[in-house]
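See structure below.
Just so you know, all these numbers are worked out from the coordinates, no wet-lab data involved. It should be emphasised that the depicted structure is a prediction, and the values quoted were computed from it without experimental measurement. Please note: Cβ atoms are built from the backbone with ideal geometry, for glycine as well, and neighbour counts cover all protein chains shown.
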Amino acid sequence: MPEALSMARELGLDLVEVADKANPPVARIMDYGKYKYEAAQRAKESRKKASHVTVKEMKYRPKISGGDFNTKTRKVEKFLNEGHKVKITIMFRGREVTHPQLGRKILDDIIERTDEFAKVEAYPRLDGRNMTMVLGPDSKKMAKRARDEERAAAAEAAAEAALQEAEVAEAEVAETEPETTEAAESESETSEAEQQTVDEVDEADDAVEVPEPEVPEPEAPESAGPAS
């Protein structure tokens, strides 16, 4: 132990006993202040990542309108996606309590809307003039939905990439066609020019006058002198 303490002092570090009940005791040379700081940071991060599950509540009426139902149910979906449990309460007034099926229908509609990412943790029950139910997030369903969304996004990206490739290929073909057309037109003009030249040569040959050969005139016979 004295040797370890001397080594720690030479290094400017601390000698920290980590297992005092071991035989012999186990110690570690370290920067104890840095160790405490890092441990505090790790604890802080773990507290941030810890999920604080709370129970939210959303209240409905048996004769709720469609717009209000959609608004409240969207909030329920938001709470569930954030990892909270949600208590659904149907509030009856007066003689409405004699028609519990109205409240049960609303609860069934909520279950259907949230079936992809939630589960029923406390099934509907009538408690006085209120009917209650508790929904909780379903991690397995959420993971499946996330995978489905990733696959759908990947398929959409692949379709967009294929469409872009097709557009690029079509543009390249469109750029090549004018060049081919121009080459064909140029070749056609050249052929026409050559044909015109040939025709002009033929016409020139036809226009040349071939001189007729000169026929010499016959010479007159010499006259005979008087006989002697």
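Counting only DSSP beta bridges with both residues in the range 55-137, tell me the antiparallel percent, nearest 5. Just about 70 percent of them are antiparallel.
Report the extension gain between residue 44 and residue 13 in nm, rounded to one decimal, defined as 0.36 nm multiplied by the number of residues separating them, less their alpha carbon distance.
On the way: separation 31, 0.36 × 31 = 11.16 nm, distance 2.53 nm.
Stretched fully, the residue 44-residue 13 segment lengthens by 8.6 nm.
Spacing of the modelled spin labels on residue 168 and residue 63, each 7 Å from Cα toward Cβ, amounts to 6.4 nm. Extension gain for residue 149 to residue 54 (0.36 nm times residue separation, less C-alpha to C-alpha distance): 31.5 nm.
Would you work out the relative contact order for the range 2-49, in percent, from Cα pairs under 8 angstrom that are 6 or more residues apart?
On the way: 37 pairs, mean separation 12.6, N = 48.
The value is 26 percent.
Using the scaling law 2.2 N^0.38 Å as the reference, what is the normalised Cα Rg of the range 2-49? Intermediate values should be presented prior to the final figure.
Values: Rg = 13.9 Å, N = 48, 2.2 N^0.38 = 9.6 Å.
In units of the 2.2 N^0.38 Å rule of thumb, it is 1.45.
Spacing of the modelled spin labels on residue 159 and residue 112, each 7 Å from Cα toward Cβ, amounts to 2.7 nm.
Within the range 94-141, list the GluC sites (Glu not before Pro) lying in a DSSP loop whose Cβ has at most 14 other Cβ atoms in a 10 Å radius.
Details: sites: 96, 112, 116, 121; in loops: 116.
Answer in residue order: 116.
Our summary of shape: the Cα atoms of the range 9-164 have principal axis extents of 85, 59, 25 Å, ordered from largest down, in whole angstrom.
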